[in-house]
Amino acid sequence: MLTIPKDIMKPARYSGIEPNRIMKDPARGTIRFALCYPDIYEVGMSYYGYFLLYGLANSLPDVWCERCFAPWLDMDSHLQRNGIPLMTLESRTPLHAMDLVGFSLSYELNVTNILNMLRLAHIPLRSEDRDSGPIILGGGPSMLNATPFERFFDLIVVGEAESKLVEILSLYRTLRGAHRADIVRELAQLDGVYSPLFRKDRVRRQVIEDLDSSYHPVTPPIPVVGSIHNRFNVEISRGCGNGCRFCLAGYGYRPYRERSLETIRNIIDRGMEGTGYEEISLLSLSSGDHRALFDVISYIKEKYSGVSVALPSLKIGTIREDEIGIIGDIARTGFTFALESASSGMRCRINKNIDLDVLLGQLPLLKKYGWRKLKLYVMIGFPWEREEDISIIREILLPFEKEHIDINLSVSPFIPKPHTPFQWLPMESEDILNEKILMIKKALKGRRVKVRYRDAKTSMIEAIVSRGDERLAPMFEFLLKKGSKLEAWRESFRPELYTEWFEKQGIAMGEYLSEKSVEKALPWDFIDTGVDKSFLTSELHRAETGDQTGDCYSGCAMCGMECKAPLQLKDSALGAEPLAVELKPKVLFSELQAQNAEPAVGIKYTFRYGKFGDARYIGHLDTMNILLRALRSLGITIRTHGKYHPMPKISLSDALPIGIESTCELLEIETTMGVLVHKKTVEEMNRVLPRGIKVFEFIKGSLQNMVKDYSYLLVTEKTVENEMWKLRYNGKQYFYVWKGKGVKELWSRGEFERIIKTEDRRIHGRRTDN
Ligand code: SF4
């Protein structure tokens, strides 16, 4: 059983007992691969790309891929203080004992976490200092310019890593046993892979050609601690054809590719069965561009009552009026529109082809169908920006306020990212960015708009790292020495350390933020994204003159990808089978409303379940969510209450403190009409629950009807000076009984190895655990 110090917050993060985690026999010959996410559990466990690689690597019979996340500050100190190496979650194997360790980097400020994880794992930081131990791989969106931090990796995969991972693991299998440097050299020969030790003149970004037939995870491990997003992710498309000139994702993931309706339905069915989530996120850079989006949403609505849909970003003008009702009904988390700039002139320059009037014209309908909260994104700091381009935000928001639609406005500084047409542009100075933020604050003073500003300083550091070169490598080592880690978390971010390093080195930060000449080579030029440099420069010139370029859906702008995307799109959409039920939006919305109207009375069931071993670290609410997900994955739907934020109708016994085990926790649910719980349900639930959570029985009725007299069994190997509590001694452990409040304090005293809550009727002379 795992023993985690009592002062560690959210200990379940480190338990590794999630449903759907993959366990294998580490038999001789199995390739051991640790897939690391350089942020904490709750963030990594929400990331689709992470589970794509986890599932794909584990689909190979002789590879065991395990997870590892950055520890939170308290666990970090515990590991350092006690010389405990960082380990994988599944088998608790130190990272330094693995064959390969891979990091997926999607955010520049997480580089220090990678260094810190290597240090905690007792692995030398620089590739040139490693002559034994695992091969360190790097991948993810940030690898389109890995120059500043490449020397911390042995190998870097550029582009969509799933296209390379199987190849790397297969080649590694044949090379195993050879000298480490020879293995690295051989692997670095693969297309799209390079090593800082064996440089290449040109590295081609890897792209999955046929998204529809590529791997998609359907049974990702389910978090046992509330993660950032608790939902099943379905990647409906990849890439974006809109050509926004500032957007790295738009250029770095070209071309646009869709999954067909048939494939998406299949993924949803298998995913809902495998996870039981109550929300599905339809991942896409611009979900409204998917031509089967409405059919997908209708399918979810019809087949999975009570399940909501999250749409990460919608392009204005892509949702038809007849679709507003059904989307508003099923998407509960609000809607996000990336406006990018309040000024139409600026939107022309950045190639954001949207017609704001379309959205404004739809506002009464949005309101009618429950779209009461909208999130709008804008950027500030484009080189051509004038005061009126910013202050116009005041007028733009007026119609929303008139319709009583709440607006959350998110304001971020523009960062000129590599591989985009704006890669040569300067970044606005911190002072001017702050002035512009003040301007927005003034313009919106007294208005019913919530505004969130991205800090200018943070954006500047992000810009420096993303536009950086090899001179920055020592900066990360300096930051590590000074204790920088978890920098994506505001409380841990220390920008003054970056300033200190630049001053010590005599390098001006501005060098990385200033305008770049189109004639000069850039540090990331050796990465071939597939988009011609001449296309990027012509797009930059069109921005200067305010000329727009059409999207890939209406015609090819010949960017160099040679993908003929419009034809592919057509084929993909035609390839989808029609829905089993012919859907006509307007009729369907009312029909579905009637179908889904909940009956006045449901059936109440109460389950008795236990929590043992490592599961004692799972919190009360997380345990409840795990049980509800298990029920949903078995097709047991629970009645809800509340119109706009429906909540399941459930009741629970009192919260069990973290660290305490129990044999007698209660969960009452009210099922929807026609849904029955039977004996086999208990068996099936135990099959999908994490190790340590076990359902014992259920009754038809409320939890008030269950026995609720309980005591606590206190287990220790030492005697305790309290004869009143004493129950028995089994030759190894003393058992005491305690009844009353304050069990949390008793646990934190640290006298007892285990405390187990047990029904009074079961306590005397019986085993109390399973
Ligand atoms: S080749 Fe044409 S269709 Fe393909 S990504 Fe480039 S501009 Fe778009």
Matching residues, segment 601-638, being in a loop (DSSP other than H, G, I, E, B) and of a type in the set (Phe, Trp, Tyr): 612
Give 684, 661 a once-over and let me know the one that is touching a helix residue (DSSP H, G or I) at 6+ places or on another chain (Cβ under 7 Å) and acidic (Asp, Glu). 661
I'm told residue 208 meets every condition in (1) part of a loop (DSSP other than H, G, I, E, B); (2) at pLDDT 95 or above except one. Can you identify the failing condition by its number? (2)
Considering only segment 196-205, I want to know if a residue exists there that is within 16 Å of the ligand (Cβ to nearest atom) and in contact with a helix residue (DSSP H, G or I) (Cβ under 8 Å, 6 or more places away or on another chain). yes
For segment 609-634, enumerate the residues that are under 14 Å from residue 677 (Cα atoms) and surrounded by fewer than 21 Cβ atoms within 10 Å (Cβ to Cβ). 628, 634
Would you say residue 440 is modelled with pLDDT under 95 and either outside the structural domain of residue 548 (by TED's automatic domain parsing) or not hydroxyl-bearing (Ser, Thr, Tyr) (or both)? yes
Give me the pairs, please: first residue somewhere in segment 541-560 and within 14 Å of residue 242 (Cβ to Cβ), second residue anywhere and near the ligand (Cβ under 8 Å from one of its atoms) and basic (Lys, Arg), beta-carbon distance under 7 Å, and either six or more positions apart or on two chains. 556/564; 559/254
Here is a list of conditions, (1) surrounded by fewer than 18 Cβ atoms within 10 Å (Cβ to Cβ); (2) more than 26 Å from residue 616 (Cα to Cα), and residue 33 meets all of them except one; can you say which number that is? (1)
I'd like to verify a number: residues in segment 215-242 that are more than 14 Å from residue 51 (Cβ to Cβ) and either modelled with pLDDT of 95 or more or out of contact with any Asp or Glu (no Cβ under 7 Å at 6 or more places or on another chain) (or both), how many? 5
Let me confirm something: among 35, 79, 73, 2, which residue is under 30 Å from residue 285 (Cα atoms), in contact with a helix residue (DSSP H, G or I) (Cβ under 8 Å, 6 or more places away or on another chain) and among the aliphatic types (A, V, I, L, M)? 35
Reported set for segment 520-567 where residues are more than 10 Å from the ligand (Cβ to nearest atom), of a type in the set (Gly, Ala, Ser), within 17 Å of residue 419 (Cβ to Cβ) and in a loop (DSSP other than H, G, I, E, B) is 521
Being assigned to a helix (DSSP H, G or I) and either touching a helix residue (DSSP H, G or I) at 6+ places or on another chain (Cβ under 9 Å) or of a type in the set (A, V, I, L, M) (or both) is the filter here, so list the residues in segment 38-58 that pass it. 41, 42, 43, 44, 49, 50, 52, 53, 56, 57
Within the set of pairs 6 or more residues apart or between chains, which connect a residue that is among the charged types (D, E, K, R) and part of a loop (DSSP other than H, G, I, E, B) inside segment 639-651 to a residue that is at pLDDT below 80 and surrounded by 10 or more Cβ atoms within 10 Å (Cβ to Cβ) with Cβ atoms less than 6 Å apart? 639/598; 639/602; 649/641
Sole miss for residue 186 among (1) of a type in the set (Asp, Glu); (2) surrounded by fewer than 19 Cβ atoms within 10 Å (Cβ to Cβ); (3) in the same structural domain as residue 377 (by TED's automatic domain parsing) is condition (3)
Do the conditions hold for residue 92, that is, is it of a type in the set (D, E, K, R) and surrounded by fewer than 17 Cβ atoms within 10 Å (Cβ to Cβ)? yes
So if I check each of 151, 173, 130, 231, which one is loosely packed, with under 15 Cβ neighbours inside 10 Å and either touching a Ser or Thr at 6+ places or on another chain (Cβ under 7 Å) or outside the structural domain of residue 693 (by TED's automatic domain parsing) (or both)? 173
Residue 283 vs (1) buried (at least 20 other Cβ atoms within 10 Å of the Cβ); (2) of a type outside the set (D, E, K, R); (3) away from the ligand (no atom under 13 Å from the Cβ); (4) over 20 Å from residue 348 (Cα atoms): all pass except (1)
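One line per residue, one yes/no per condition, for (1) of a type in the set (Gly, Ala, Ser); (2) touching a strand residue (DSSP E or B) at 6+ places or on another chain (Cβ under 8 Å); (3) away from the ligand (no atom under 16 Å from the Cβ):
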| position | (1), (2), (3) |
| --- | --- |
| 224 | no, no, yes |
| 230 | no, yes, yes |
| 233 | no, yes, yes |
| 236 | no, yes, yes |
| 239 | yes, yes, no |
| 258 | no, yes, no |
| 261 | no, no, yes |
| 275 | no, yes, yes |
Taking the condition surrounded by fewer than 23 Cβ atoms within 10 Å (Cβ to Cβ), in contact with a helix residue (DSSP H, G or I) (Cβ under 8 Å, 6 or more places away or on another chain) and of a type outside the set (A, V, I, L, M), does residue 275 pass? no
Got at least one residue in segment 477-486 being of a type outside the set (Lys, Arg), out of contact with any Leu (no Cβ under 7 Å at 6 or more places or on another chain), away from the ligand (no atom under 16 Å from the Cβ) and part of a loop (DSSP other than H, G, I, E, B)? yes
For residue 374, are the conditions met, namely being under 31 Å from the mean Cα position of the chain (by Cα) and hydrophobic (A, V, I, L, M, F, W, C)? yes
State the number of residues belonging to segment 343-359 that are modelled with pLDDT under 90 and surrounded by fewer than 16 Cβ atoms within 10 Å (Cβ to Cβ). 3
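The values are calculated or read from the model by the stated rules, or taken from the named source; none is laboratory data. Source: prediction; values computed, not measured. For neighbour counting, all protein chains shown are included, and Cβ atoms are generated from backbone atoms with ideal geometry for every residue, glycine included.
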